[in-house]
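*Asks:* Right, I'll just put the structure down here and ask away after.
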Amino acid sequence: MFRPLPLWLGLRYTAAKRRNHFISFISLTSIIGILIGVTALITVLSVMNGFEKELRERILGVASHATVTAFNDPLTDWQSVVDQVSGHEEVIGTAPYIEGQVMLVRGSQVTGSMIRGVLPEREPEVSDVAANMRSGELVDLQAGEYGIVLGSKLASYLGARRGDRVTLVTPEANVTPAGVLPRLKRFTVTGIFEIGMYDYDRSTAFVHIDDARKLMRIEGEGVTGVRLRLEDMFRAPSVNEALSASLDRDLWVRDWTQRHSNFFRAVQTEKTVMFVILTLIVAVAAFNIVSTLVMTVQDKQADIAILRTLGITPAGVMGIFLVQGCVIGIVGTVLGVAGGVSLSLNIGELMPALEGLFGVDLLPADVYYISDLPSDMQVDDVISITLLSFGLSILATLYPAFRASRTQPAEALRYE
């Protein structure tokens, strides 16, 4: 006979056609519930991971891993700051910048924008703008020529193309004999970039740092600060701490985890909440196993009594039903993992197909930060979900199996 006996009998009970079809239906429901729950968990966590990763990369493609600024006044000696921070092994790129808020005007279209003055030859060291130009090149920005590079959505709103002219209006005004007049300057569009994140594409423009200095009336070689790119962005807090200790006290170092802390904390909280909610689906499906095994134990009272009289121990009886419950959990979990992994790896192709089928834009760019659905399936998440699902399945089998082991042969066979 197949050994061990509890395993053989448990598999036999699971595979056998039951007289009570309702028990079979509940078993099937449990498997399907676990399958759906595990598939949903893996897919949603993969999408959340991809969403967070994509947001981080796109934000830091325009923003920076860290910045060094002066507390009050413009940073006048930025070259010495660059020399100091470049000595840190994690700093792989530096570039000065000037930043300010302006109004952009073209014809009847008026909109606010964040203007950033950059050195075109150094900007690729700290951002991905130069690599995401739709037309023109970032190096087309030349000092004194008053060229401007617009985000794609911003250019679309203004109706501006390469070669067109737009007017910049600064918050500061000129006092003249005719009164207080706004400060205006005409710029020529030399390029258009597209990062793929609506907020930046809609509200950001780049000019040469010398033109920005004149526009903002910053004297000498002053800049707003120095932007840094790090070898490992996740070490930004420790690099921040090291640079803050080595630089002058009137300099302020901030990294991306501080500038965008609330945003990424919200994403992480949402991911945790979704994990808890979807785990409840798996838990409900797993605890359907309780109903299945309780009814199976009731249905097999006579069989259990006979086995007990033949010498099987209570632990052996308990093992039979543990095997039966575990088989349900394993089948549901394995199918769920297969479904979740397949869906996570193909979610990028599935979304456009669904949008084309139903004729709707599921992720409009003006509402969501990202208009496509990224996926980043992590092996650790898949392993954690698999162990969680299987653990809940085992937990759900304990009570029915224990109840079966307490069956008294005399009581069970009294009315047989």
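The values are calculated or read from the model by the stated rules, or taken from the named source; none is laboratory data. These numbers come from a predicted model, not from an experiment. Glycine gets a Cβ as well: all are built from the backbone with ideal geometry, and neighbour counts include every protein chain shown. Protein only, heavy atoms only, side chains kept; ligands, DNA and RNA dropped before computing areas. Shrake-Rupley method; radii C 1.70, N 1.55, O 1.52, S 1.80 Å.
*Asks:* If a paramagnetic tag sat 7 Å from the Cα of residue 25 along the Cα-Cβ line, which residues of region 276-299 would have the backbone N under 14 Å from that point?
*Replies:* It comes to 292, nothing else.
*Asks:* Let me have the 222 nm mean residue ellipticity of the chain computed from DSSP H runs of 4+ only, each contributing -39500 (n - 2.57), with the sum over all residues rounded to the nearest 500.
*Replies:* -18000 deg cm²/dmol
*Asks:* Put +1 on the Cβ of each Lys and Arg and -1 on the Cβ of each Asp and Glu in the chain; which of 304, 191, 244 then has its Cα farthest toward the positive end of the dipole?
*Replies:* Value computed over the given set: 304.
*Asks:* A further question on this structure: Using the heavy atoms of the protein chains and a 1.4 angstrom probe, tell me the accessible area per residue for the chain in square angstrom.
*Replies:* 50 Å²
*Asks:* Relative contact order (percent) for the chain, with alpha-carbon contacts under 8 angstrom and 6 or more residues of separation?
*Replies:* Here the relative contact order equals 29 percent.
*Asks:* Which one is right for this structure if semi-axes √(5λ) of the Cα gyration tensor in Å is calculated from it: [x] 34, 28, 20; [y] 67, 24, 15; [z] 50, 25, 21?
*Replies:* [y]
*Asks:* While we're here: Taking region 12-156, how much of its Cα-Cα pair set, in percent, is spaced more than 27 angstrom apart?
*Replies:* The answer is 51 percent, as a whole percent.
*Asks:* At a Cα cut-off below 22 Å, give the lysines reachable from residue 271, other chains included and same-chain residues fewer than 8 away excluded.
*Replies:* Reachable lysines: 53.
*Asks:* May I pose another question? Within the chain, which complete DSSP H helices have Cα atoms spanning at least 30 Å along the helix axis and a mean Kyte-Doolittle hydropathy of 0.5 or higher? Each step should come with its number before you reach the end.
*Replies:* Working: long enough: 21-62 (61 Å, 1.21); 261-299 (57 Å, 1.18); 314-358 (59 Å, 1.51); 379-405 (38 Å, 1.20).
The answer, listed by residue number, is 21-62, 261-299, 314-358, 379-405.
*Asks:* A further question on this structure: Taking the Cα centre of the chain as origin and charging only Cβ (+1 Lys, Arg; -1 Asp, Glu), how large is the dipole, in debye to the nearest 20?
*Replies:* Dipole about the Cα centre, nearest 20: 2060 debye.
*Asks:* Something else: Separation of region 72-89 and region 299-357 by C-alpha centroid, Å?
*Replies:* Distance between centres, Cα-based: 61 Å.
*Asks:* If you don't mind, another one. Classify region 264-361: rounded, prolate or oblate, from the alpha-carbon gyration tensor (a ≥ b ≥ c, eigenvalue square roots; a/c under 1.5 rounded; otherwise prolate if a/b is larger than b/c)? Kindly include the intermediate steps, with their values, before the conclusion.
*Replies:* Details: a/c = 3.68, a/b = 2.64, b/c = 1.40.
Note, shape of region 264-361 comes out prolate.
*Asks:* Does region 39-121 come out rounded, prolate or oblate, given a ≥ b ≥ c as the square roots of the eigenvalues of its C-alpha gyration tensor, rounded meaning a/c under 1.5 and, failing that, prolate meaning a/b above b/c?
*Replies:* oblate
*Asks:* With a sphere of radius 13 Å drawn around the Cβ of residue 218, what net charge do the other residues whose Cβ falls strictly inside it have (Lys, Arg +1; Asp, Glu -1)?
*Replies:* -4
*Asks:* Now a separate question. Residue 185: which lysines have alpha carbons under 18 Å from its alpha carbon, excluding same-chain residues fewer than 8 sequence positions away?
*Replies:* Answer for residue 185, where 18 Å is the Cα cut-off: 214, listed by chain and number.
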